[in-house]
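The values are calculated or read from the model by the stated rules, or taken from the named source; none is laboratory data. Just so it is clear, the model here is predicted, and its values are computed rather than measured. With ideal geometry, Cβ positions are generated from the backbone for all residues, glycine too; neighbour counts draw on all protein chains shown. The accessibility values were calculated without ligands, DNA or RNA, using every heavy atom of the protein model including side chains. Shrake-Rupley method; radii C 1.70, N 1.55, O 1.52, S 1.80 Å.
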Amino acid sequence: MTSKLSVKYIDTHCHLDGEEFHDDLEAVIQRAQEAGCDKIFVPAIDLNSSQASIDLARRYPGFIYPMAGLHPEEVRADWRKQLQAIRSLLPLLSEGVGGGSIGEVGLDFYWSREYEAEQLEAFEEQVRWSVETRLPLMIHCRKAQNEMVMILKKYARELPGGVFHCFTGNEVEARQLLDFQNFVLGIGGVLTFKKSHLPETLAAAVPLERIVLETDAPYMAPVPHRGQRNEPAFVRHVISRMAEAYGVSEEEVARITTENALRIFCLEPALLTEMIKNINLCPPALGFSSKSITFAPAYKKGEVLEWLKRHAWKACNRQNRFAGSNPVLSAPKN
């Protein structure tokens, strides 16, 4: 592992809201930034953590990005009530420059199938949220890939995309997930474990363009920190092992996975830049049509930029196009 990366990286899955970080959060963030971490995405598992994730994003704008959702292991008899409350938080994910997502959601039958029916219903409901809001999904799946795939296939053409979190499967499973072309695989500390088959699996079946980095902190710390509390600074070890597996530089891994994360979470700077240059006519080369977005000519570019930062997430779909329920968007007069 080189001493310092010339390219920043992104941790797409880190539970910074957990009590494990309450005593030294500032120090954890400082170490992450010193290691080269440019952004952190904080998943939720229930109503309280959804609000906590949003609060962290407000506290660290432009560095921490929020999620809201109900984790499958948190699905209980009251899951409908939980989802109703979490659904009310989704508009808050649009604050700042966007980057919010729905997660951590999915299916988990590893320990028990007691709430199998409820998990299936809760997951599909949150998948529908993604279709409706155009917010990407952060998906957790354990011992339930067949069931998860069956649900996602119903909405495959409508989904904006997302991340299959903590992928540790084989080549067949990887290829099945990659059939969802707007999704990527989240790869973390397991890649560095001595007995892990992931380095060979990824190199054989998964292009770097379909991978994002993650910690799942405070869990799943990579070697040489295995058994310790995980944190975003440790992603450097994952980058190093991935570079070995693919036969490329650490900078190349960091660059490509960062581009992937920016694309999935609709944070590509080029998207806003091009739109500001072409307020009245979006360039076809980027997949826009002349009717995709319009603004009154009286608006100044600065005002349009601020509006885009606040509202672009609503319409940004999997091809980074503006395709909300209303194809013509008008800037607010405030």
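Partners of residue 194 within straight-line reach, counting aspartates and glutamates whose Cα lies under 15 Å from its Cα and excluding those fewer than 8 residues away in the same chain: 244. Annotation: residue 166 carries an accessible surface of approximately 40 Å², with a 1.4 Å probe and no ligand, DNA or RNA atoms counted.
The residue among 66, 45, 15 whose Cα reaches farthest toward the positive pole of the charge dipole of region 1-97, with charges on the beta-carbon of Lys, Arg, Asp and Glu, is 66. Expressed as a whole percent, the accessible surface of region 146-215 that belongs to carbon and sulfur atoms is 50, based on a 1.4 Å probe. Of the heavy-atom accessible surface of region 18-125 (probe 1.4 angstrom), what whole percent is carbon and sulfur? Whole-percent figure for carbon plus sulfur exposure: 47. Rolling a 1.4 angstrom probe over the protein heavy atoms with all chains in place gives region 105-217 an accessible area of 42 Å² per residue.
Accessible surface for region 1-48, divided over its residues, is 48 Å² per residue with a 1.4 Å probe.
Legend: calculated FRET efficiency, residue 121 to residue 31, from the Cβ-Cβ distance at R0 = 56 Å, rounded to 0.05, equals 0.85. Using the Cβ-Cβ distance between residue 80 and residue 248 with R0 set to 51 Å, the FRET efficiency works out to roughly 0.60.
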